[in-house]
RNA sequence: GUCCCUGUAGCUCAGUGGAUAGAGCGGCUGCCUUCUAAGCAGAAGGUCGUGAGUUCGACUCUCACCAGGGACGCCA
């Protein structure tokens, strides 16, 4: 054989089970470099290989694959390994304890969360679960935009509504928030605080009332997210970046490095120096910093002060254009830009059957996240949001999610768990102690197919952690439920055959562990009964 | 005009450069005396947007076009 550079050798799961548990196309790749016949290469390689004890056989297959089949007694022994690992099954050590921050939702606290925000919320919380299971130390964070012009508009809008509700003629600013929730908010304040803000000077009233309203809004957002099973470790205030000096520090740092320039009254971040299309304003002509400036300070804080190894931001599609300049900022701070990863979650179109439901903050008919959760339920919401890759736009059909809930994939998956629980319950009622069960008695095709599926969980966790694509979880959950249902149909678990009963109970318990873990990672409940 | 995402079964969407492209829903045919029929089994349904290119091999990579969505602000 001629000496050539070795191509990368890796294993894959063949889609056709007749081709074994693992396959490698290494001979085909080597054939390209060496010019030799791939089948001959396969044979040569096989002759040189020493088989690991868990491998039953290897065969070559045209046009140049090597296929590996696992020993069935090794497979059945894995049932014991899964039972032993318990809740920890599926955990891996990819992250080796490194620190990763996941920042998500971070919606302006100027209005209630809508459906699209729910998608980012579920993505972020699920990803955080998977990264934790992958050996990372994860910090979940919500960045509160509590400074800037949008907040001013919110404050003045609330003051206007407050006056109106007290019978005083007042106007809502043209760029203000016109939604009816602002009226509700004003009324709530009146109920709790009365008309006392009317006696204050206008500037003071706007500020005090505004802060009160903002606080209520943030608490409402927190509650809405909680109902979706989403929580945060840190709620980070944009304001604090000005109060605690990060803004000043990072600006002088960038100025020192020559990334700051004055043009036409404003101060600019010179991102063109880093290959960007255009520069961006950080301080306006009137001296007020932009949102971009605050975000620069925020990322200075993330990387240089808090020293996260990785930072993952989940943003809506409307922030796509922000990605490359944020990476430019990170580079300007002397941080390798790969340490900042941004997931863009594409838009959600809400539908009721064939009708598209418009989502607009201006009009009155917005569907809030809370309404969605109330209508569809937490678990179904999470599953639907998770079942599409983040960079695909998705249709969320309320009618389907609600009316046909019996055919909903989420119930299909949860039903499998309830069935498992039911079997284990019966075993307990009958006092069957299966701890001495012999798993080697598990030999039929549906049983081995189930075991093979259970063994994919650690790989799945790794795939999701590497790709940051949690949607794979939903497909795995459905596959797992399918093979379990099939097993259930074919294999009677609790029967007259005591030894086989015990062996199968062990397998069922392992299946429960894996299905429950998958549901846990997705932030869903694993019901004992349905 | 520039940048980003998407285009795969009737619908909604998966798919690591490899073997016969998959799932759910909808429609069709069967299956409940036994641990949950919210289930199982089966058949049907495809020019993988179009056209080139790279490769032993392309749904996957490159380029060009077409279509849908988003972004191009001293808003966030």
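The values are calculated or read from the model by the stated rules, or taken from the named source; none is laboratory data. What you see is a predicted model, and the numbers here were worked out from it, not measured in a lab. When we count neighbours, we look across all protein chains shown, and the Cβ atoms used for this are built from the backbone with ideal geometry, even at glycine.
Before moving on, here are some points about what is shown:
- Odd one out for residue A:80 among (1) surrounded by fewer than 17 Cβ atoms within 10 Å (Cβ to Cβ); (2) closer than 23 Å to residue A:450 by Cα; (3) free of Cβ contacts under 8 Å to residues at least 24 places away in the same chain: (3)
- Flag for residue A:343 being buried (at least 19 other Cβ atoms within 10 Å of the Cβ), at pLDDT 95 or above and touching a strand residue (DSSP E or B) at 6+ places or on another chain (Cβ under 6 Å): yes
- Some residue of segment A:479-491 being under 26 Å from residue A:121 (Cβ atoms), in contact (Cβ under 8 Å) with a residue 24 or more places away in the chain and surrounded by 22 or more Cβ atoms within 10 Å (Cβ to Cβ): yes
- Test: residue in segment A:316-326 that is within 12 Å of RNA strand B (Cβ to nearest atom), in contact with a strand residue (DSSP E or B) (Cβ under 6 Å, 6 or more places away or on another chain), without any contact (Cβ under 8 Å) to a residue 24 or more places away in the chain and under 23 Å from residue A:120 (Cα atoms): yes
- Taking the listed residues A:175, A:215, the one that is closer than 30 Å to residue A:138 by Cβ and either part of a helix (DSSP H, G or I) or touching a residue at least 12 places away in the same chain (Cβ under 8 Å) (or both) is A:215, with no other qualifying.
- Note on segment A:271-302: among residues that are more than 10 Å from RNA strand B (Cβ to nearest atom) and modelled with pLDDT of 95 or more, the one that is nearest to residue A:237 (Cα to Cα) is A:298.
- Entirely in segment A:361-452, the helices (runs of 4 or more DSSP H) that have 1 or more residues that are within 11 Å of RNA strand B (Cβ to nearest atom), surrounded by 18 or more Cβ atoms within 10 Å (Cβ to Cβ) and at pLDDT 90 or above: A:378-386, A:409-429
- Count of segment A:166-220 residues, restricted to those that are more than 16 Å from RNA strand B (Cβ to nearest atom) and farther than 25 Å from residue A:370 by Cα, is 23.
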